[in-house]
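**Student:** Right, I'll just put the structure down here and ask away after.
The values are calculated or read from the model by the stated rules, or taken from the named source; none is laboratory data. Remember, it's a predicted structure, so these values are computed and weren't measured experimentally. Quick reminder, even Gly has a Cβ in these numbers, built from the backbone with ideal geometry, and neighbours come from all protein chains shown. What goes into the accessible areas is simple: the full protein's heavy atoms, side chains included, and nothing from ligands, DNA or RNA. Shrake-Rupley method; radii C 1.70, N 1.55, O 1.52, S 1.80 Å.
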Amino acid sequence: MSAPSLAPQQTPARQQAPVADPPTGTSWLVRRPRRSTLVSFEVFPPRPDADPDTVWSHIDAMAQAGPDFFSVTHGHSAGTGVSREALRHLRRTTSTPVMAHFTCGGTDRAGLERSVEQLLDDGVRDLLALRGDPPLGSGQWETPRGGLGRASELVSLIRDVERRRFGDGYRPGTRPLSVSVACYPSPARGRDFEADLASLWEKQEAGADYAITQVLYEPEDYARFLERARSEGIHIPVVAGLMPLSNPQRLRRMTEITGVAVPKRLTDFLAAGTPDELRRRGIAATLSLIDDLLDLGCAGFHLYTFNRPDAALTILEHLRVRDAAREYRGRSPAS
């Protein structure tokens, strides 16, 4: 039997925190002090019945206007996977950060991890983690076999893949991946306000960087939600999700999708005699809502564009002029 070694035991060197590249992702954009109002656009790939050239030209027009970032939803592909076509197009044609909508549906945990890896291979570093909607024709969510049933679990999965790919030791705000989540400040059909608050806390604890609201129309809903969230330890920034208020038909469709009712005073205000007057009133109502939300300290605005550039670009231009005027007066455009 050999004598035991008297050499001192080697203790593993403490892992050094990796040196991060300068932040460029959406979480940094949302958190950093700003001289201009943060505005992002949501787009989706062409639907099967749409002219793809027209859709891409609309998306390109919005890209040229320079929003702070894009988010890409599934569009016609419904509840599974991600829309890599639109993601790749925007990454190829613009330097604007592009956030991928990423859902739990359609596959098991291993499949979700592979999908995250594929997005990283495509250069995507920003994800919106969502549970996803029930399959078409089904009124109830069912967790895929071996899969995930909550957005907080999806946030944790993304952070696990991030650690394997890039290492550990990053502080929140300097991580290689930016992960956002959804929240629901407005009363809506079929939703439980208290349960939604608890869910947002779980998503924050799982590693979410910031939240984007479901569509809202009343600043009071945002104020009430933010006050409750902060009182319960939810500290991540909350970006307001808005749609341009210039198309009553689209507003009705959004109510069907989200269960969030459009206020009667807004529908009355939009009862204009001509398309031009309707457009003016819709833009005015949107800008008024934005002003009210900024006074409440809103972190920024996410416009649900429906791939329609006109109203979104008009709103963005008005906000840039407004920001310049506030700066001239010596006031900060955003909190």
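**Student:** Those residues that are open to solvent by 30 Å² or more (accessible area, probe 1.4 Å) and among the hydrophobic types (A, V, I, L, M, F, W, C), I need them from the stretch 273-320; list them, please.
**Tutor:** Correct list: 278, 284, 287, 296, 306, 313.
**Student:** For the stretch 174-213, name all the residues that are in a loop (DSSP other than H, G, I, E, B), more than 20 Å from residue 119 (Cα to Cα) and not basic (Lys, Arg). Walk me through how you get there before you give the answer.
**Tutor:** Filtering the stretch 174-213 for residues in a loop (DSSP other than H, G, I, E, B) gives 174-177, 184-187, 189-192, 207-209.
Applying the additional criterion that residues be more than 20 Å from residue 119 (Cα to Cα) yields 184-187, 189-192.
Hits for the stretch 174-213 are 184, 185, 186, 187, 190, 192.
**Student:** Restricting the search to the stretch 33-72, which residues are open to solvent by 30 Å² or more (accessible area, probe 1.4 Å), in contact with a Pro (Cβ under 8 Å, 6 or more places away or on another chain) and of a type in the set (D, E, K, R)?
**Tutor:** Passing the criteria: only 35.
**Student:** Those residues that are aliphatic (A, V, I, L, M) and under 27 Å from the mean Cα position of the chain (by Cα), I need them from the stretch 243-283; list them, please.
**Tutor:** The initial filter retains those residues of the stretch 243-283 that are aliphatic (A, V, I, L, M), namely 243, 245, 251, 254, 257, 260-262, 266, 270-272, 278, 283.
Result: 243, 245, 251, 254, 257, 260, 261, 262, 266, 283.
**Student:** Anything in the stretch 153-185 that is small (Gly, Ala, Ser) and more than 16 Å from residue 204 (Cβ to Cβ)? List them, or say none. So that I can check it myself, show each step before the final result.
**Tutor:** From the stretch 153-185, those small (Gly, Ala, Ser) are 156, 167, 169, 173, 178, 180, 182; that's our starting set.
Residues satisfying the conditions are 167, 169.
**Student:** Give me the pairs, please: first residue somewhere in the stretch 106-133 and within 14 Å of residue 177 (Cα to Cα) and part of a helix (DSSP H, G or I), second residue anywhere and of a type in the set (Gly, Ala, Ser) and open to solvent by less than 20 Å² (accessible area, probe 1.4 Å), beta-carbon distance under 6 Å, and either six or more positions apart or on two chains.
**Tutor:** Correct list of pairs: 119/100.
**Student:** Can you work out which of the residues in the stretch 89-105 that are over 18 Å from the mean Cα position of the chain (by Cα) and part of a helix (DSSP H, G or I) is surrounded by the most Cβ atoms within 10 Å (Cβ to Cβ)?
**Tutor:** Per the stated criteria, the residue is 89.
**Student:** Then there's this: Filter the stretch 284-316 down to the residues that are under 20 Å from residue 226 (Cα atoms) and not in a helix (DSSP H, G or I), then identify the one that is farthest from the chain's Cα centre (by Cα).
**Tutor:** So the residue we want is 296.
**Student:** Just a yes or no: is a residue in the stretch 167-184 open to solvent by 40 Å² or more (accessible area, probe 1.4 Å), within 26 Å of residue 295 (Cβ to Cβ) and at pLDDT 95 or above?
**Tutor:** Among the residues of the stretch 167-184, at least one is open to solvent by 40 Å² or more (accessible area, probe 1.4 Å), within 26 Å of residue 295 (Cβ to Cβ) and at pLDDT 95 or above, which makes the answer yes.
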